[in-house]
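Structure record follows, encoded as structure tokens.
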Amino acid sequence: MENPKLKKYLNEWIEEATITQMQEKMTNGELTSKELVMLYLHRISVYDKKIHSIIEVNPDALHIAAALDTERKESGPRSALHGIPILIKDNIDSADKMHTSAGSLALKDSIALKDSYVAEQLRKAGAVILGKTNMTEWANFMAIGMKSGYSSRGGQVLNPYGPDKFIVGGSSSGSGAAVAANLAAAAIGTETSGSILNPACQNSLVGIKPTVGLISRKGIIPIAHTQDTAGPMARTVMDAAILLNALTGKDEDDAITRTNPLMEKDFTEHLRKNGLKGKRIGIASEGFIEQVSEEKQKIYHDAVAILEAAGAEVIEQIEIPSAKVKWSYDVLTYEFKPDLNAYLRNLHPSVPIRTLKDLIQFNKDNEEQMLKFGQAVLVESEATSGLLTESEYVSALEFDQYHSTERGIDYALETYQLDAILFPSEEGSHISGKAGYPSVAVPAGYTPQGEPVGITFAGTAYSEPQLIEAAYAFEQLTKFRKAPFLG
């Protein structure tokens, strides 16, 4: 960089800077939002060549930042996100010059006619939408064995902690890798089953997978309406809570948001260093811990000891009756077709892909580019009626709802009178996902090889405040996160 001021910030400050620290510098007049955007654009240009986390940058980012700088001088900041550069996943609509493609070349020219609710809320809060992050194509609902982080449009996202060694996690892989590599202040991911929590654990981040209903799904390319949600991914619990504040609200176009009792909640009020004291935390081991490596198991056990030292009442070896039931993804298979068709039919008329059937044909016609891993999952969904009338669908839905709640998360919480359940890494995300319940992932250390490891606090519907308290207290006690070496 030529500008000596920016060069100094680049070399001495921007890496690992928090949203609060950025806000302080802008308030004091030491730094502008425009300069902050320029710092991140520089880091993207230098470091993203290695990890491929960002699929495109917002051409208007600098001008938006400049306008927000002017607004700050004239009337003050709108919120704690005023002027802060945020990335959003490439399945979240933004009515600007960027595309929304779910990582697929089939939608590479699709520009949203309207902002998603998420983009609308970010703009309202004064955030700068810096760009779109790469992702596992169609949120990993396309093919059996598709590699996490791969898309036909963006290529393969790599883990900044070990591009040649560690999986990046999916499907919000670009959001995870970009924030881990300090290419933006924070990012938005989406989750149906593990897609925020997994990349958060793999990239030493905080990931909040909210209750389905806390954040409207309007304008997000779907998988399944019973499980989909957006959520924040950040380097600290505080940054994630600040971002969550901006995203919550009631949306008349998404009925489930009317069940949300936390609309006026300031989640930063739950950033308590003693947030673990007196909390009853259930340790979910059987059916989960054997799914992770021995190195990660050790880190999980170390985390349990930290909880106890922090004053939590730890209940070991809790039973979750559904831990070993035979789960399926049948609900997703049936819901994907009508949900995706509803999204596609509202795209700009210039976009030729209007149905799932069109997408499958496009992929066939461009087999070399599109079908590296096949499209068996798309074909399976297309074979359903799209009407959600099949008895197989209703049975699968009822099975998932019952076993994830009454025989799953709620059973454990009520039986052992727990405030939260602790899972190793993101194991257990499938149960919380099927229940539509929240989870918070937080860094818990690194394996001897340097692979990031996280733990996940899970709870019942709209228990985000308690989960944030637990995650923040753990984070403040340990401060495990360290920046990756990018060379």
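Since every read-out is calculated from the coordinates, none of them should be taken as a lab result. Here the structure is a predicted model, which is why all the values come from computation and not from measurement. Please note: Cβ atoms are built from the backbone with ideal geometry, for glycine as well, and neighbour counts cover all protein chains shown.
What ranking of Ile88, Ile299, Ile196, Ile315 emerges when the number of other C-beta atoms within 10 Å of each C-beta is taken as an exposure proxy, fewest first?
Values: Ile88 29, Ile299 21, Ile196 35, Ile315 17.
The fewest-first ordering by Cβ neighbours comes to Ile315, Ile299, Ile88, Ile196.
Here, P(r) means the percent of Cα pairs in each 10 Å bin from 0 to the largest distance; for the stretch 240-366 it is 10, 18, 23, 28, 16, 6, 0.
Where both bridge residues fall in the stretch 1-152, DSSP classifies roughly 40% of the beta bridges as antiparallel.
At a 10 Å Cβ-Cβ cut-off, how would you order Ser293, Ser175, Ser104, fewest neighbours first? Intermediate values should be presented prior to the final figure.
Values: Ser293 14, Ser175 38, Ser104 24.
In order of increasing Cβ crowding within 10 Å: Ser293, Ser104, Ser175.
When the Cα positions of Asn346, Ala323, Thr384 are compared along the charge dipole of the stretch 302-430, Asn346 comes out farthest toward the positive end, with charges on each C-beta of Lys, Arg, Asp and Glu. Compactness of the stretch 223-271 was expressed as the Cα radius of gyration divided by 2.2 N^0.38 Å, which yields 1.25. The loop-placed trypsin sites (Lys or Arg not before Pro) in the stretch 1-37, going by DSSP, include none that has at most 14 neighbouring Cβ atoms within 10 Å of its Cβ. Compared with the rule-of-thumb size 2.2 N^0.38 Å for a compact globular protein, the chain has a Cα radius of gyration ratio of 0.92.
A protection proxy built from the mean count of other Cβ atoms within 10 Å ranks the segments 207-214, 156-163, most packed first, as 207-214, 156-163.
If only the Cβ of Lys and Arg carry +1 and only the Cβ of Asp and Glu carry -1, the dipole of the stretch 98-228 around its Cα centre is close to 140 debye.
From the mean inverse distance of alpha carbon pairs (Kirkwood) and the Cα radius of gyration, derive Rg over Rh for the stretch 1-46.
Details: Rg = 9.9 Å, Rh = 10.7 Å.
On the Cα set of the stretch 1-46, Rg over Rh gives 0.93.
Estimated from the Cβ-Cβ distance and a Förster radius of 51 angstrom, the FRET efficiency linking Ser391 and Lys165 is about 0.65.
Could you calculate the contour length gain from Ala376 to Glu414, that is, 0.36 nm times the residue separation minus the distance between their Cα atoms, to one decimal place in nm? Walk me through the intermediate numbers first.
Numbers: separation 38, 0.36 × 38 = 13.68 nm, distance 3.98 nm.
The span from Ala376 to Glu414 would gain 9.7 nm if fully extended.
Max-minus-min Cα coordinates of the stretch 398-487 on each principal axis give 50, 24, 19 Å, with the largest extent listed first.
In Å, the Kirkwood hydrodynamic radius of the stretch 356-396 over pairs of distinct alpha carbons?
Numbers: mean 1/r = 0.0872 Å⁻¹.
About 11.5 Å for the stretch 356-396.
For the stretch 91-203, the Kirkwood hydrodynamic radius from C-alpha pairs, put into Stokes-Einstein at 25 °C and a viscosity of 0.890 mPa s, yields a diffusion coefficient of 173 µm² per second. The share of C-alpha pairs in the stretch 149-232 whose separation exceeds 23 Å stands at 19 percent. Its Cα gyration tensor gives the stretch 39-160 an equivalent ellipsoid. The semi-axes, each the square root of 5 times an eigenvalue, are 28, 16, 11 Å from largest down.
Taking 7 Å steps out from each Cα toward its Cβ at Lys73 and Arg345 produces label points 5.0 nm apart. Computed over the stretch 13-92, the alpha-carbon pair-distance distribution with 10 angstrom bins reads 17, 49, 29, 5, 0, each value a whole percent.
Would you please name the trypsin sites (Lys or Arg not before Pro) within the stretch 166-250 that are DSSP coil residues with at most 14 other C-beta atoms within 10 Å of their C-beta?
Details: sites: Arg217, Lys218, Arg235, Lys250; in loops: Arg217, Lys218, Arg235, Lys250.
Those satisfying the criteria are Lys250.
Could you check what % of the DSSP bridge pairs in the chain are antiparallel, to the nearest 5? Provide the component values of the computation, followed by the final result.
Working: 27 of 41 bridges.
Antiparallel bridges make up about 65 percent of those DSSP assigns within the chain.
Taken about its Cα centre, the chain carries a charge dipole of roughly 1220 debye when the Cβ of each Lys and Arg holds +1 and the Cβ of each Asp and Glu holds -1.
Based on every Cα atom in the stretch 391-436, Rg and the maximum pairwise Cα distance Dmax equal 11.7, 36 Å.
Counting other Cβ atoms within 10 Å, which GluC sites (Glu not before Pro) in the stretch 273-337 have at most 15 and lie in a DSSP loop?
Working: sites: Glu286, Glu290, Glu294, Glu295, Glu308, Glu313, Glu316, Glu319, Glu335; in loops: Glu286, Glu316, Glu319.
Qualifying residues, ordered by number: Glu286, Glu316, Glu319.
Take the Cβ atoms of Thr20 and Phe485, set R0 to 25 Å, and the FRET efficiency comes out at 0.50.
Can you give the Rg/Rh ratio of the stretch 248-315, where Rg is from the C-alpha atoms and Rh is the Kirkwood radius? If you can, show how the numbers build up before the last one.
On the way: Rg = 17.6 Å, Rh = 15.2 Å.
In the stretch 248-315, Rg relative to Rh is 1.16.
Under a 5 Å amide H cut-off, with hydrogens placed 1.01 Å from N, Ile54 pairs with Asn134 among residues at least 5 apart or on other chains.
Between beta-carbons, use under 10 Å as the cut-off and find the net charge around Lys337, counting Lys and Arg +1, Asp and Glu -1. Present the calculation step by step, with values, prior to reporting the outcome.
Numbers: positive: Lys357; negative: Glu335, Asp339, Glu380, Glu382.
Net charge around Lys337: -3.
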